[in-house]
Amino acid sequence: KKYSSVEVHTESLIEKIKDETPKGSLVLLVGDQIDRISNIKDMLEEHYAVMVAANEAKAIEVFYSQKPDYVIIDLHQKEDHGFHVLSSIANKARHSFVPTLLVEDAPHAMLRKKAYEAGAFDIVHSPFDNEEMLALIQNRLELKRVLQAQILLDELTGAYNRKFLQEELQRQWAEFERYETTFSVAMLDLDRFKRINDTYGHDTGDLVLKQFAETIMKNKRQGDYFIRYGGEEFMLIMPKTDGEQARMIVDRLLHVFSEQPFEKDGTTFTCSFSSGIASVHHRIKHTDELISHGDQALYMAKRNGRNQVQV
Ligand code: GH3
Ligand code: MG
Ligand code: MG
Ligand code: MG
């Protein structure tokens, strides 16, 4: 019996960090002993997406291309494959908070020491208790989720931050270069926001920012990424979306947000935003250029009277 890897289309791994539970996680299982691996696989598949790699090269390829959330390496493999895989991925795994778990029949202290030094997070003794193993994995995945949220989300609004923006833009750009998949970005800048701060105070300004973010996140399409670009400027990355589609979507968001009343000490007010949209095309050579096109469209929207979307 030969394992073929399961095709998992992780539309965005990072999008998962906002899930309440890491149930959508992808686990990479590395090992060449079929019966041992299928036991673990069966157990995991009730909770996670699982990909199996039966050799070193495949394991490393899958690790870098599919970006699993968790890696399990069965050390009971021919030669020293398990350790090779671990050494090849340990650094990258650590940097993206991907926990690695080793499975070994009777790990003695020397082997455990070697494994931890090579970057293993945990080692379990086979045979193991399924429930215990699952609890361990779930625990680690939860920690991963929290850590990733810490580094990729803006604290005030819960939108993605610029670190995320850089990563996601590169990803979208690579897709565009390889497959000519279109995508658009929308720059969103709150209108006359300084006035809100000056009139109602900075705390109210903060509340408006939070509420704005909540409204966009609730009403945006699921696959679009909402990012705080800085201050009261935000961005939407809209995969597989051309300029006209993007305009319709952002128009709808603008409509919803600008109708929403705010209240401070008995006074009610509303807030709007202006948006500039840019889409990839062949004359754009770099993501910075794309953003600058979006900025120019945003500038037009402001100059044209605000509370509107320009492409
Ligand atoms: P425009 O319609 O041209 O965009 O006008 P504006 O007043 O929104 O633009 P301007 O760039 O002049 O002012 C933006 C203001 O946003 C200034 C800054 O103090 C405020 N701001 C930026 N970040 C925050 C924040 O985190 N909280 C609060 N309360 N205010 C912020
Ligand atoms: Mg401004
Ligand atoms: Mg503004
Ligand atoms: Mg601004």
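The values are calculated or read from the model by the stated rules, or taken from the named source; none is laboratory data. Keep in mind the model is a prediction, meaning the values are calculated, not measured. Positions of Cβ are generated from backbone atoms using ideal geometry, with glycine treated the same way; all protein chains shown enter the neighbour counts. Accessible surface is based on the protein model in full, side chains and every heavy atom, while ligands, DNA and RNA are left aside. Shrake-Rupley method; radii C 1.70, N 1.55, O 1.52, S 1.80 Å.
Taken over the stretch 213-252, residues that are open to solvent by less than 10 Å² (accessible area, probe 1.4 Å), acidic (D, E) and within 16 Å of ligand 2 (Cβ to nearest atom) amount to 0.
Among residues of the stretch 95-113 that are in a helix (DSSP H, G or I), those with a Cβ under 9 angstrom from a residue that is of a type in the set (V, I, T), sequence gap 6+ or separate chain, pair up as L111/I123; R112/I123. Here L86 clears all of (1) under 17 Å from M133 (Cβ atoms); (2) assigned to a helix (DSSP H, G or I); (3) modelled with pLDDT of 95 or more except the condition numbered (1).
Residues to consider are V30, V52; find the one that is open to solvent by less than 50 Å² (accessible area, probe 1.4 Å) and either touching an Asp or Glu at 6+ places or on another chain (Cβ under 7 Å) or closer than 22 Å to K113 by Cβ (or both).
Values: V52 fails: either touching an Asp or Glu at 6+ places or on another chain (Cβ under 7 Å) or closer than 22 Å to K113 by Cβ (or both).
Testing whether each residue is open to solvent by less than 50 Å² (accessible area, probe 1.4 Å) and either touching an Asp or Glu at 6+ places or on another chain (Cβ under 7 Å) or closer than 22 Å to K113 by Cβ (or both) leaves just V30.
Hey, can you tell me all the residues within the stretch 187-203 that are open to solvent by 80 Å² or more (accessible area, probe 1.4 Å) and within 10 Å of ligand 1 (Cβ to nearest atom)? If you could, list the steps in order and put the result at the bottom.
Taking the stretch 187-203 and keeping what is open to solvent by 80 Å² or more (accessible area, probe 1.4 Å), we get 192, 194-195, 198-199, 202-203.
Scanning the stretch 187-203 gives R192, K194, R195, D198, H202, D203.
Could you run through the stretch 204-214 and say how many residues are hydrophobic (A, V, I, L, M, F, W, C) and more than 8 Å from ligand 1 (Cβ to nearest atom)? Spell out the reasoning first.
Filtering the stretch 204-214 down to residues hydrophobic (A, V, I, L, M, F, W, C) leaves 207-209, 212-213.
So of that shortlist, the ones also more than 8 Å from ligand 1 (Cβ to nearest atom) come out as 207, 212-213.
Adding up the residues that qualify gives 3.
Considering each residue of the stretch 294-302 in turn, none proves to be more than 16 Å from ligand 2 (Cβ to nearest atom), open to solvent by 70 Å² or more (accessible area, probe 1.4 Å) and either assigned to a helix (DSSP H, G or I) or among the acidic types (D, E) (or both).
Which one is farthest from Y64 (Cα to Cα) among residues in the stretch 182-203 that are more than 19 Å from the chain's Cα centre (by Cα) and more than 16 Å from ligand 2 (Cβ to nearest atom)?
Filtering the stretch 182-203 down to residues more than 19 Å from the chain's Cα centre (by Cα) leaves 182, 187-203.
From what's left, more than 16 Å from ligand 2 (Cβ to nearest atom): 182, 199-203.
On the way: T182: 24, T199: 51, Y200: 49, G201: 48, H202: 44, D203: 43 Å.
Among those that are more than 19 Å from the chain's Cα centre (by Cα) and more than 16 Å from ligand 2 (Cβ to nearest atom), it is T199.
For the criterion of being acidic (D, E) and either open to solvent by 10 Å² or more (accessible area, probe 1.4 Å) or within 16 Å of ligand 2 (Cβ to nearest atom) (or both), D206 passes. If you go through the stretch 121-163 and keep only what is under 24 Å from the mean Cα position of the chain (by Cα), open to solvent by 70 Å² or more (accessible area, probe 1.4 Å) and of a type in the set (D, E), you end up with just E155.
Scanning the stretch 258-290 for residues that are under 29 Å from R171 (Cα atoms) and assigned to a helix (DSSP H, G or I), we see that the one that is most open to solvent (accessible area, probe 1.4 Å) is D288.
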